[in-house]
1. Quick check on the stretch C:121-252: take the gyration tensor over C-alpha atoms, sort the square-rooted eigenvalues as a ≥ b ≥ c, and tell me if it's rounded (a/c under 1.5), prolate or oblate.
2. Which of A:29, A:4 has the fewest other C-beta atoms within 10 Å, and how do the rest follow up to the most?
3. Just how far, in whole angstrom, is the stretch C:174-250 from the stretch A:1-53 if you go by their alpha carbon centroids?
4. When a footprinting reagent is the concern and you count Cβ atoms within 10 Å, what order do A:105, C:283 take, fewest first?
5. Hey, with R₀ at 22 Å, roughly what FRET efficiency would residue C:323 and residue B:46 work out to, going by the Cβ-Cβ distance, to 0.05?
6. Kindly express, to the nearest 10 degrees and within the range 0 to 90, the angle between helix A:150-164's C-alpha long axis and the longest C-alpha principal axis of chain A.
7. State the dimensionless ratio Rg/Rh of the stretch A:15-66 (Rg: radius of gyration of Cα atoms; Rh: Kirkwood radius).
8. Run the Debye formula on the Cα coordinates of the stretch C:240-331, all scatterers equal and no solvent, and tell me log10 I(q)/I(0) at q = 0.25 1/Å.
């Protein structure tokens, strides 16, 4: 027997801010910066109408497939794919999703560059994206190192010289499979994930960069034709 | 003689075996990488040229 | 955001920072993500079914000893002589070299020896000591250990040189004073050919479990075997190898600029000895330039000089009105 309780407004004290509350402070700040309608809007500015805009979400989707295929590989350990045909197929999924990830990410970068997407307080968005790109390269590099095959042997052998020369090799040993595997499976994907989330939140907070030479109301900026990027 | 044992399972196209490379002066690029890079350029150009569906404007 | 904004640029930047109040269009972000995910899944599965992925089997020391015993013996003797790459590497493995530097900047040396590897002992003497069973092998080791460092170097260097004149064939080496070196390297070859050396060399730290392959990889890297195998697959440094994958698989095209410098002078000539450090530093600077692009005058103006944005936003530009009085733009 179920009783449907009609919705009633809560007593006033349920809405009162508690003084000195860290929780309340944090909630109010995040709500101000990114209210739900801004975090998940159902509309975009009219100028968001080009296929170049889908490459960010394609990159994100590829990242998800990379993580899922990588997790599947992790389920059975780093050498499973050498002896199992299912394992080898999952390894193929992981390799090709990584190729797609870089394919879409670089096109996304080209697009954002030619749109000068850092304009209007969006420099940090660009910075986070560029750092994520570099972090992706590092993550992919450690992935190659933990294939446990000839590729890993050669890449480790060569890369050690490049990494030893600035002194980093003393602390980050590419010949140490255990260390590289942990970096590849935990530290780097986690760091990359944090960068991606921050990057996405900033895009939602600042909005998609408007066209060059157009003001916030949508008019052509009569005072100066194309600025913000000189 | 240098032989590498390869555990290649069934795939429609077997990409194992001697690689094909293109040479221009000191530039050397694998056909595979060239295909990837050229595809990226083509997709980029198409992305900015192809018309995007007009949504409902408000 | 600039250090010395022109009034026009500051105005345009403020305009770009102001929340958009112009025309909107419906745009379903969640649906877009789901579609993108489905598309990527199809592409990934399709590519995996069509092309699979490469898996060239790793080289073992046993493989090396079987494929090129002469190269193995010469490398082992070189470790004893201190003439191999590992032997003279310097930090982080040992202090037998200074590593790379750019003038007074020597970070490889500053980082210190934190992964101690003594090639002569770690790759040759210790494995032989652990596995020495017959009296002749034990005698050779005793002779080696009781000799002075100079004597050891002389024996080993002479043997390396002698091998070099007969194409690394130990059976053809001219008679000479090589001490126990020929016996030791022959015994090590036997250990490798029986497959014992592969697991033995991984013993980097005491105990049962091992995950660190520093020693066997350094030893293998001193050989011509690893390098020749890589060269056959276009993976060597001067073959743009950093970008490449085995077979006909696409590799890491995004490393094109990193590997580019290794192909041209002066990185291949005057700066070759320190090329790794110089190129690494150069790439760090360029990467920083990419990250900080919005703050770099000239670079950040390229989108204006090559105005692809006019193509991308052409539909919007066709409809955008000029401001007249205080009216709102017509939809």
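What follows draws every value from the coordinates through simple rules; no lab data is involved. Remember, predicted model here, so these are calculated numbers, not experimental data. Neighbour counts run over all protein chains shown; Cβ positions are idealised from the backbone, glycine included.
1. On the way: a/c = 2.56, a/b = 1.50, b/c = 1.71.
Cα axes put the stretch C:121-252 in the oblate bin.
2. On the way: A:29 10, A:4 5.
In order of increasing Cβ crowding within 10 Å: A:4, A:29.
3. 60 Å
4. C:283, A:105
5. Values: r = 34 Å, r/R0 = 1.56.
For R0 = 22 Å, the calculated efficiency reads 0.05.
6. 70 degrees
7. Values: Rg = 17.4 Å, Rh = 14.4 Å.
Dividing the radius of gyration by the Kirkwood radius yields 1.21.
8. The calculated log intensity ratios at q = 0.25 Å⁻¹ are -1.14.
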